[in-house]
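These notes concern the structure reproduced below.
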Ligand code: ADP
Ligand code: ZN
């Protein structure tokens, strides 16, 4: 039975970092709707042209667009054993779509990373992405040297990590995504993790949570 993992949590909670690690450890694809949308923007596809302004405003892309992306991705052969979903679902409608896509045959584990609003704003303002290798880097302080420790590449700031956009994204999270916690809370395969710990500690807690839910998967997708 395939086991799909959803990384839930507000922008800046560390979903991307943890989802990448987890996918590498488990040997399954990391499926980030944010990455897919940014790639579409970069490559100038018709989809990219449609969503660019939405991304820059901090609002959500339509449920239909992201559902199409995820549906297509989950049908590829490498997704058969499971994927780590990062940034999807983000609305209750998307969560319902995911349940329909997976049906009863596939297990779903939901890992919710909890971080306080103050921490999120600080983290997002210090978040950089390596233009060369894609590594997500947290600057120690504003104005710290901006090169990637992995490859020496230039660090860039995501255009939606600017402060005005960050506030809008957090508001959108509260309005549209936080209700997902209620959607999933009753499931035996739902776990909340303290996302304020070090990345290694969070990764350990996430792995433990997934092992724990392995026992209940199957009765409660
Ligand atoms: P973060 O979690 O840090 O906000 P993401 O890379 O997951 O960053 O998402 C960036 C942007 O991409 C979002 O602000 C939104 O505009 C869009 N997006 C990503 N996933 C979804 C989704 N499932 N539904 C709607 N919009 C999405
Ligand atoms: Zn790099």
TODO: Grab the DSSP H runs of the chain that are 4 residues or longer, score each as -39,500 (n - 2.57), total them, divide by all residues and round the 222 nm result to the nearest 500 deg cm²/dmol.
DONE: -13500 deg cm²/dmol
Open item on the list: Over the chain, with a Gaussian network built from C-alpha contacts below 10 Å, which listed residue (29, 77, 11) shows the highest mean-square fluctuation?
Closed with: 77
Task: Between region 1-79 and region 100-151, the alpha-carbon center distance in angstrom - done: 13
Open item on the list: Taking each pair of distinct Cα atoms in the chain once, what is the resulting Kirkwood hydrodynamic radius in Å?
Closed with: 17.9
TODO: Determine the gain in length on full extension of the stretch residue 200-residue 159; use 0.36 nm per residue of separation and subtract their C-alpha separation, reporting nm with one decimal.
DONE: 12.0 nm
Task: Label-point separation in nm, residue 25 to residue 185, each point 7 Å along Cα→Cβ - done: 2.7
Open item on the list: Between helix 33-42 and the chain, what is the angle of the helix's C-alpha long axis to the longest principal axis, kept within 0 to 90° and rounded to the nearest 10?
Closed with: 40
- [ ] Report, in degrees rounded to the nearest 10, the 0 to 90 angle that the Cα long axis of helix 92-102 makes with the longest principal axis of the chain.
- [x] 50
Open item on the list: With a cut-off of 8 Å between alpha carbons and a minimum separation of six or more residues, what is the relative contact order of the chain in percent?
Closed with: 29
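Need one number: % antiparallel among DSSP beta bridges in the chain, to the nearest 5.
Values: 6 of 23 bridges.
Antiparallel bridges: around 25 percent, rounded to the nearest 5.
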TODO: Starting from the Cα of residue 64, step 7 Å along the direction of its Cβ; do the same at residue 151; then give the gap between the two resulting points in nm.
DONE: 3.7
- [ ] Please find the FRET efficiency linking residue 214 to residue 76, where r is the Cβ-Cβ separation and R0 is fixed at 30 Å, and quote it to the nearest 0.05.
- [x] 0.80
Open item on the list: How much length would be gained if the chain were fully extended between residue 133 and residue 96, taking 0.36 nm per residue of separation minus their Cα-Cα distance, in nm to one decimal?
Closed with: 9.9 nm
- [ ] Calculate how steeply helix 15-26 sits against the longest principal axis of the alpha-carbon atoms of the chain, using the helix alpha-carbon long axis, and give the answer as 0 to 90 degrees to the nearest 10.
- [x] 50
Task: At R0 = 41 Å, FRET efficiency that the Cβ-Cβ distance of residue 207 and residue 53 yields, to 0.05 - done: 0.60
Task: Cut-off 17 Å (backbone N to label point 7 Å along Cα→Cβ of residue 144), residues of region 173-205 - done: 196-201
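Give me the percent relative contact order of region 117-221, please, defined on Cα pairs under 8 angstrom at least 6 residues apart.
Reported as a whole number, the value is 19 percent.
We did not get these values from a lab; they are worked out from the coordinates using the rules stated. Quick caveat, the model's predicted, so the values are computed rather than measured. Note that each Cβ is placed from the backbone with ideal geometry, even for glycine, and that neighbours are counted across all protein chains shown.
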